[in-house]
Amino acid sequence: MGGTQAARVLTQIQVSSLKSKGSAPDKEAEIELFEKIKSRYDSQTSAYYAASRMWVDAIIDPRDTRKMISTGIEMANHSPIEKFNTGVIQT
């Protein structure tokens with residue numbers, strides 16, 4: 001889901017919540033809310049934001065992707081499987 005689409009969905013949820021409380025925003029306020037949500041969504045979905053909060057182990061240069069994957073596969077091939085744990089899958 002792209003940033004704009006996700007922001008639209010999050011805005012719809014927020015507007016529905018406000019409507020259920022009896023304070024439906026006007027069109028200008030809804031656009032302002034969308035811009036605020038989109039800005040926050042875009043900044044918080046960057047790799048740098050995730051890395052600054054230690055949600056990811058590293059940010060790799062896209063040119064090094066094959067090397068990093070090959071290294072990971074090589075390490076896995078030489079490591080015995082003691083217990084399989086998927087951990088947290090973040091998409």
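Read-outs throughout are calculated quantities, based only on the coordinates presented, and are distinct from any laboratory measurement. Just so it is clear, the model here is predicted, and its values are computed rather than measured. Here Cβ is always computed from backbone atoms with ideal geometry, including for glycine, and neighbour counts include all displayed protein chains.
General remarks:
- Phi angles across the range 15-22 convert, under the Karplus curve 6.51 cos²θ - 1.76 cosθ + 1.60 with θ = phi - 60°, into 3J(HN,Hα) values of 5, 4, 5, 5, 5, 5, 8, x Hz, Gly and Pro given as x.
- Part-to-part distance (alpha-carbon centres) for the range 3-33 and the range 57-91, which is given in Å: 40 Å
- For the pair residue 32 and residue 66, a Förster radius of 35 Å applied to the C-beta separation gives a FRET efficiency near 0.20, rounded to the nearest 0.05.
- In Hz, Karplus ³J(HN,Hα) per residue of the range 51-67 (6.51, -1.76, 1.60; θ = phi - 60°; x = Gly, Pro): 5, 5, 9, 6, 7, 10, 6, 6, 10, 10, 5, x, 5, 9, 4, 4, 4
- Take the Cβ atoms of residue 12 and residue 44, set R0 to 22 Å, and the FRET efficiency comes out at 0.75.
- Taking the inverse of the mean 1/r over every pair of distinct Cα atoms in the range 3-77 gives a Kirkwood hydrodynamic radius of 15.3 Å.
- For the chain, the 222 nm mean residue ellipticity estimated from helices alone, with every DSSP H stretch of n ≥ 4 adding -39500 (n - 2.57) and the total spread over all residues, rounds to -19500 deg cm²/dmol.
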